[in-house]
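Below is one structure, written out as structure tokens; the observations come after it.
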Amino acid sequence: MSPTVPVYVVDDDESVRDSLAFMLEGYDVNVTTYAGGPTFLDNADIMLPGCVILDSRMPELRGQEVHAILRQCHSPLSIIFLTGHGDVSMAVDAFKSGAVDFFQKPVDGEKLLQAIILAAEKSLQRSEQLKALSSYQSLTERERDILLLLVQGKRNQQIADGLCIAVRTVEVHRSSLMKKFNAKTIAELVLQYGMAIN
């Protein structure tokens, strides 16, 4: 099984980039390599789901600095650290900051593939959460009031009575909510709301 998201290898060592790309392509993984953090940040679409295999020690930007930038941008990308100079405290810091895994070079291909598959799943989930949060943040105050009541299982008439507005107004806002969350059913809307607030 290969991940359905792009995988980026960011390492200043050309031989490492080439060997990782060769190994992962053997597993049908879609790989793009970059020689450093700035090139990666300038060229990859960091707002789409994916997995980054990131070297810790690089000139210009260290792997941890690249990871921090991705977090500040609210990127859904998952991070796997790969280093030739790792220690326990470095690994602990990586996990604390949200890395999926931490490997020392040379890395076992099967173990790396399993980590990539897990990273891809986490990235896709994070992407969905970020979309739901963005949709929630775009709501008006009235839409939030109505959403909260819909989540509680209230019907249009009950919502209208509770908020002292017309049923037609509730229907208009409800339709807007469904569009903003790209939901076809109330169950989908409730699920999106749950992702947005967690």
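The values are calculated or read from the model by the stated rules, or taken from the named source; none is laboratory data. Every value quoted in this text rests on a predicted model; they were computed, and no experiment measured them. Note that we place each Cβ from the backbone using ideal geometry, even for glycine, and neighbour counts take in every protein chain shown. Quick note on the areas: whole protein, heavy atoms, side chains included, nothing else; ligands and nucleic acids left out. Shrake-Rupley method; radii C 1.70, N 1.55, O 1.52, S 1.80 Å.
In whole percent, what relative contact order does the chain give with Cα contacts below 8 Å and a gap of six or more residues?
Dividing the mean separation by the residue count of the chain yields 17 percent.
Would you please name the trypsin sites (Lys or Arg not before Pro) within the stretch 159-198 that are DSSP coil residues with at most 11 other C-beta atoms within 10 Å of their C-beta?
Listed in order of number, the matching sites are Lys184.
Using the heavy atoms of the protein chains alone and a 1.4 angstrom probe, what is the accessible area of the stretch 48-163 per residue in square angstrom?
It amounts to 52 Å² per residue over the stretch 48-163.
Determine which lysines satisfy two conditions relative to Lys111: a Cα distance under 19 Å, and not lying fewer than 8 residues away in the same chain.
Lys122
Grab the DSSP H runs of the chain that are 4 residues or longer, score each as -39,500 (n - 2.57), total them, divide by all residues and round the 222 nm result to the nearest 500 deg cm²/dmol.
Value at 222 nm, helices only: -17500 deg cm²/dmol.
Just add up the charged neighbours of Leu118: K/R +1, D/E -1, any other residue whose Cβ is under 14 Å from the Cβ of Leu118.
Once positives and negatives cancel, what remains is 0.
Between Asp45 and Ser15, how high is the FRET efficiency from 1/(1 + (r/R0)^6) when r is the Cβ-Cβ distance and R₀ = 25 Å? Nearest 0.05.
Efficiency computed from Cβ-Cβ geometry: 0.40.
Where does the charge balance sit around Val100 when Lys and Arg score +1, Asp and Glu -1, over other residues with C-beta under 12 Å from its C-beta?
On the way: positive: Lys122, Arg126; negative: Asp101, Glu121.
Local charge sum for Val100: 0.
Please say if the stretch 69-119 is rounded, prolate or oblate, where rounded means a/c under 1.5 for a ≥ b ≥ c the square roots of the C-alpha gyration tensor eigenvalues, and otherwise the choice is prolate for a/b larger than b/c and oblate otherwise?
Details: a/c = 2.32, a/b = 1.26, b/c = 1.85.
In terms of gyration-tensor shape, oblate.
Hey, which aspartates and glutamates would be in cross-link range of Lys179, C-alpha to C-alpha under 15 Å, not counting anything within fewer than 8 residues on its own chain?
Glu143, Glu171, Glu188
Defining a contact as two alpha carbons under 8 Å apart and six or more residues distant in sequence, what relative contact order in percent does the stretch 113-195 show? Please report the intermediate quantities before stating the final value.
Values: 47 pairs, mean separation 27.9, N = 83.
Reported relative contact order: 34 percent.
I need the shape label for the chain. Rule: rounded when a/c is under 1.5, else prolate if a/b > b/c, else oblate, with a, b, c from the alpha carbon gyration tensor.
Prolate, since a/c reaches 1.5 and a/b exceeds b/c.
If you filter the stretch 41-147 for GluC sites (Glu not before Pro), then keep DSSP loop positions with at most 12 other Cβ within 10 Å, what is left?
Qualifying residues, ordered by number: Glu60.
Rounding to the nearest 10 and keeping the result within 0 to 90°, find how far the Cα-based axis of helix 167-180 lies from the longest principal axis of the chain.
Roughly 10 degrees, rounded to the nearest 10.
Please work out the FRET efficiency for the pair Ser175 and Ser97, using the Cβ-Cβ distance as r and a Förster radius of 35 Å; give the result to the nearest 0.05. Walk me through the intermediate numbers first.
Details: r = 41 Å, r/R0 = 1.17.
Calculated value: 0.30.
Scan around Ile53 for amide H atoms under 5 Å from its own, H built in the peptide plane at 1.01 Å from N, and keep only partners 5 or more places away or cross-chain.
Amide H to amide H, under 5 Å and 5 or more residues apart or across chains, Ile53 pairs with Tyr8, Val9, Val10, Ile80.
Evaluate E = 1/(1 + (r/R0)^6) for Ser89 and Ala68, where r is the Cβ-Cβ distance and R0 equals 25 Å; express this FRET efficiency to the nearest 0.05.
So the FRET efficiency works out to roughly 0.90.
Mind listing the phi-derived Karplus ³J(HN,Hα) values for the stretch 19-33, rounded to whole Hz, using 6.51, -1.76 and 1.60 with θ = phi - 60°, and x for any glycine or proline?
Once θ is set to phi - 60°, the couplings for the stretch 19-33 become 5, 5, 4, 4, 5, 6, 5, x, 9, 6, 8, 7, 10, 10, 10 Hz.
Run the accessible area of the stretch 61-198 with a 1.4 Å probe and give the carbon-and-sulfur part as a rounded percent.
On the stretch 61-198, the fraction of accessible area on carbon and sulfur atoms equals 52 percent.
Can you classify the stretch 5-118 as rounded, prolate or oblate using the Cα gyration tensor, where a ≥ b ≥ c are the square roots of its eigenvalues, rounded means a/c under 1.5, and otherwise it's prolate if a/b beats b/c and oblate if not?
Values: a/c = 1.25, a/b = 1.09, b/c = 1.15.
It is rounded, given that a/c, with a ≥ b ≥ c, falls under 1.5.
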